[in-house]
Amino acid sequence: MLDPRLLRDDPDAVRASQRARGEDESLVDAVLAADRERRETIARFDGLRAEQKELGRQIAGAKGEEKGALLVRTKELAAEVRAADAAQGAAGATYDDLLGRLPNLVEDGVPRGGEDDYVVLEHVGEPRRFDATPLDHLELGQRLGAIDTERGAKVSGARFYFLKGVGAQLQLALLNLAMTQAAAAGFTPMITPVLVKPEAMEGTGFLGQAAKDVYRLPDDDLYLVGTSEVPLAAYHMDEVIDADQLPLRYAGWSTCFRREAGSYGKDTRGIFRVHQFDKVEMFSFVHPDDAQAEHRRLLAWEREMLDKVEIPYRVIDVAAGDLGLSAVRKFDCEAWVPSQGRYRELTSASNCTTFQARRLRVRMRDADGTAPLATLNGTLATTRWLVPILENHQQPDGSVVVPQALRPFLGGREVLAPVAK
């Protein structure tokens, strides 16, 4: 959540951030009003409790009618204290709810607008020219015996699939390459839970704008994660970390689940937009002063992975209206997909500053005391990467050349050949 002091001291900055995101500015005023009400109810409760204590001292030394009058007042005051306590609780709950709806403060320089208002920062590599119309990843995957969406739909429904044979091996190779790179960069490899408690999902900001895409198990009051960012962010929940231990960097490998509720009719072919996929996610806990630099480092590690799989891509600065609740800035890397003739998102690197840490109560301790630290996340590889890898490295006979960096994880295999039907 936002720092309440920032909201009180500079509400205009928060209003400007809301405008940049295309969000309702009136929420700022509602939160400020709720904060005033909350503080007033706290002051009233504290005043009544002080009066209660003073009456207790007076009663101890009073006699006769005076003591009787004080006892009458004590009963009246007890009812007032109970009412004030209830009012304080209600005002606090209203304030917490409204404050929790406010997204993070957009970083200076972020493009204004929505999903289509991103700014392209750089192109890397040239899209390959094909002599004939390139096959899409599903056709290639079927020829290789690597992808089976028909049986995926038969078993589980739309947007499910089987990876089999070289498809399963290619995904494992890709994710192992990502974990190897992450470990070499100082990340602690993690296999994370895929079911989390509500406070973990809420703390990372996925029960607000993104709630429609979250799977929930109501009988257990647990959520299936859409990214290992959630369990990794909550890993140090309710902890205080010594500042000299920072940065703490984790690389989480998990299966991820998303409803894709808002994508009806979009990317229904193949495995680009699915309900279940695997991913390696980088997650960093850093000093707030180092957050911007860490954001650039995460982007550099993402680019290193993309360079290893030898596909053309571009880097974009995501517009404010497409950031999500927790991020102040996000850089996406989008790969060239030949069959679609356009770039599609493969990675996101987000700086969440102290927003998630405040919600999850993760703090650091230094010479000045304790304070929330900063959290950041970035994608290092996902099942979706198979799409541009297959399409960009396809050959006229339907085979696929294995990128050099992936070959050691595939037993030295250089080419994936079509299987006999």
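Kindly indicate the residue of the range 295-317 that is in contact with a His (Cβ under 9 Å, 6 or more places away or on another chain) and not in a strand (DSSP E or B) and also surrounded by the fewest Cβ atoms within 10 Å (Cβ to Cβ) among those meeting that condition.
Ranking the qualifying residues of the range 295-317, first place goes to 310.
Report, ordered by the first and then the second residue, all pairs with beta carbons closer than 6 Å, sequence separation of six or more or different chains, a first member in the range 195-221 that is in contact (Cβ under 8 Å) with a residue 12 or more places away in the chain, and a second member that is among the basic types (Lys, Arg) and in a loop (DSSP other than H, G, I, E, B).
213/258; 213/259
Among the candidates 267, 238, single out the residue that is assigned to a loop (DSSP other than H, G, I, E, B), in contact (Cβ under 8 Å) with a residue 60 or more places away in the chain and in contact with a Lys or Arg (Cβ under 8 Å, 6 or more places away or on another chain).
Exactly one residue qualifies, and that residue is 238.
From (1) under 20 Å from residue 110 (Cβ atoms); (2) aliphatic (A, V, I, L, M); (3) over 20 Å from the mean Cα position of the chain (by Cα), pick out the condition that doesn't hold for residue 325.
Here residue 325 meets the rest and fails (3).
Please work out which residue is surrounded by the fewest Cβ atoms within 10 Å (Cβ to Cβ), limiting yourself to the range 343-368 and to residues that are at pLDDT 95 or above and either on the phi > 0 side of the Ramachandran plot or among the aliphatic types (A, V, I, L, M) (or both).
Of everything passing the filter in the range 343-368, 361 is surrounded by the fewest Cβ atoms within 10 Å (Cβ to Cβ).
Within the range 329-353, track down each residue that is farther than 20 Å from residue 121 by Cβ, polar (S, T, N, Q) and touching a helix residue (DSSP H, G or I) at 6+ places or on another chain (Cβ under 6 Å).
339, 353
Among (1) under 30 Å from the mean Cα position of the chain (by Cα); (2) outside the structural domain of residue 47 (by TED's automatic domain parsing), there is one condition residue 95 misses while meeting the rest; what is its number?
(2)
Restricting to the range 52-96, give me the number of residues that are loosely packed, with under 12 Cβ neighbours inside 10 Å and either in contact with a strand residue (DSSP E or B) (Cβ under 8 Å, 6 or more places away or on another chain) or under 24 Å from residue 2 (Cα atoms) (or both).
Counting residues in the range 52-96 that are loosely packed, with under 12 Cβ neighbours inside 10 Å and either in contact with a strand residue (DSSP E or B) (Cβ under 8 Å, 6 or more places away or on another chain) or under 24 Å from residue 2 (Cα atoms) (or both) gives 0.
For residues that are in a loop (DSSP other than H, G, I, E, B) and surrounded by fewer than 18 Cβ atoms within 10 Å (Cβ to Cβ), tally how many sit in the range 403-421.
Residues that pass the stated criteria total 9.
Taking the options 107, 139, name whichever one is outside the structural domain of residue 382 (by TED's automatic domain parsing) and crowded, with 16+ Cβ neighbours inside 10 Å.
After applying the criteria, what remains is 107.
Taking the stated definitions as given, is residue 107 within 28 Å of the chain's Cα centre (by Cα) and within 30 Å of residue 275 (Cβ to Cβ)?
no
The values are calculated or read from the model by the stated rules, or taken from the named source; none is laboratory data. All values reported here derive from a predicted model rather than from experimental measurement. Here the Cβ is made from the backbone with ideal geometry for all residues, glycine too, and neighbour counts use every protein chain on show.
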